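Below is one structure, written out as structure tokens, with a few remarks after it.
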Amino acid sequence: MAKQRQVRVEQKSALAAMNQLETRSDDELLAETRYRAAAQAILGARASERYDAQAAREHFRKAIAAARPQERMQLRRMAEASLALAERRPDDLKAAVEKLGQQAPSSRQLFVLRLMGLIAPPQGASTLMKIRAGLIILAMVVVLLGVGFGIASLVLLPFGGGSTLGASALGIVVVIVALALLAFFGKRKQTAQREKARAARAG
């Protein structure tokens, strides 16, 4: 019984360390020695949020090596979820998050991750996957330019329609503005998701 109480105290202290370290910068976490396992696990999770699978794998390897035996299973589950995210594997991510006892990502989030896997293959992807991603991006650009040209033509219609060159130029501007807005709101949403993930780890 005394040993079981000791294990619970050690696990609680490790969890508390993770909560305290969440607010530290990457450099501070790299320099952490007292709670090295917790620091490396946080760095691994952050690397996965940047979709850097190689760095995430290395951080979790160090975290598991530095952890107490009773902490390693939980760290391996965290590693599975983080690597599934970094490598754009939505089905594996859902299963890994459920193993952690957390709410699985929504269908929309999994769809976005699957789409990212198509247009931005993970590190070490095959040449065929990279070629496919290039073709998909090219097709998306062509479609966007076509939509932009159509919108520009409609806008210029009351003014006599304008020239093809003018409609094309305006269409390019429309596409650039649309992409900029998508990037802006996408970055804000990604930041919010990262904060939510960090709050979930802290909880």
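With bins 5 Å wide starting at 0, give me the P(r) of the range 2-104 over every alpha carbon pair, in whole percents.
In order of increasing distance, the bins hold 2, 14, 22, 24, 20, 11, 4, 1, 0 percent.
Can you compute the charge dipole magnitude of the range 2-104 about its Cα centre, using +1 on each Lys and Arg Cβ and -1 on each Asp and Glu Cβ, nothing else charged? Give it in debye, rounded to the nearest 20.
Dipole about the Cα centre, nearest 20: 540 debye.
For the range 35-74, count all C-alpha to C-alpha pairs, find those more than 15 Å apart, and express that count as a whole percent of the total.
Tail of P(r) above 15 Å: 31 percent of Cα pairs.
Relative contact order for the range 13-131: what percent, with Cα pairs under 8 Å and sequence separation of 6 or more?
Across the range 13-131, relative contact order equals 19 percent.
What's the FRET efficiency of Ile137 with Ser106 using the Cβ-Cβ distance as r and R₀ = 22 Å, to the nearest 0.05?
0.30
Taking only the C-alpha atoms, wrap a convex hull around the range 60-150 and report its volume per residue in Å³ as a whole number.
Here the figure is 105 Å³ per residue.
Most exposed first by the Cβ proxy, i.e. fewest other Cβ within 10 Å, how do Val155, Val97 rank? Walk me through the intermediate numbers first.
Numbers: Val155 14, Val97 20.
Ordered by Cβ neighbours within 10 Å, fewest first: Val155, Val97.
Every number in this text was worked out from the coordinates using simple rules, so none of it is lab data. Remember, predicted model here, so these are calculated numbers, not experimental data. Heads up, the Cβs are rebuilt from the backbone with ideal geometry, glycines too, and the neighbour counts pull from every protein chain shown.
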